[in-house]
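Written below as structure tokens is the structure these notes are about.
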Amino acid sequence: MSSLDPTIAARLKRTSDGLVPAIAQQHDTGEVLMLGWMDDEALARTLTTGRATYWSRSRQEYWVKGDTSGHFQHVREVRLDCDGDTILVSVDQVGAACHTGDRTCFDADLLPTPVEARFDA
């Protein structure tokens, strides 16, 4: 078992079940890959091993991204947001990030937005 640095643990704002959302982002492109959940142990393991480790809410166990799929996330950087309620994990993604086999979990459904909400950059 790893132990999370107490100063980091003190900054975290967890859900009622002790979890913090963790966004995985491709380090060189900024592409948002997936959202997972971490508790203190998963975050400690991620920080000490350099492999993205999450808590599976459905299986109620830790999982290291890539151990079963071969689609690894090699951690480049980990950041907390200003409120301590979201973790950003900058990774080098090998293979698909999504369990469906897609590169990202966010490429399947584009939701409609009002025309006036669309901005030309």
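Could you please state how large a percent of the accessible area of the chain is carbon and sulfur, counting protein chains only and using a 1.4 Å probe? Result for the chain: 53 percent of the exposed heavy-atom area is carbon or sulfur. For the chain, the share of DSSP beta bridges that are antiparallel, to the nearest 5, is 80%. Based on C-alpha pairs under 8 angstrom that are at least 6 apart in sequence, the chain has a relative contact order of 24 percent. Compared with the alpha-carbon gap, the fully stretched path from Asp67 to Asp83 is longer by 2.6 nm at 0.36 nm per residue. Between the range 9-35 and the range 56-104, the alpha-carbon centres lie 9 Å apart.
The long axis of helix 40-49 is offset from the longest Cα principal axis of the chain by roughly 90 degrees. Solvent-accessible area per residue in the chain equals 63 Å², computed with a 1.4 angstrom probe and all protein chains kept. Projected onto their three principal axes, the Cα atoms of the chain cover extents of 49, 33, 29 Å, largest first.
Note on Val32 and Arg51: their simple-model spin labels are 2.8 nm apart, each label 7 Å out from Cα toward Cβ.
Taking every alpha-carbon pair under 8 Å whose residues sit at least 6 apart, the range 1-65 reaches a relative contact order of 25 percent.
The values are calculated or read from the model by the stated rules, or taken from the named source; none is laboratory data. As the structure is a computational prediction, the values presented were derived from the model and not from experiment. Please note: Cβ atoms are built from the backbone with ideal geometry, for glycine as well, and neighbour counts cover all protein chains shown. Quick note on the areas: whole protein, heavy atoms, side chains included, nothing else; ligands and nucleic acids left out. Shrake-Rupley method; radii C 1.70, N 1.55, O 1.52, S 1.80 Å.
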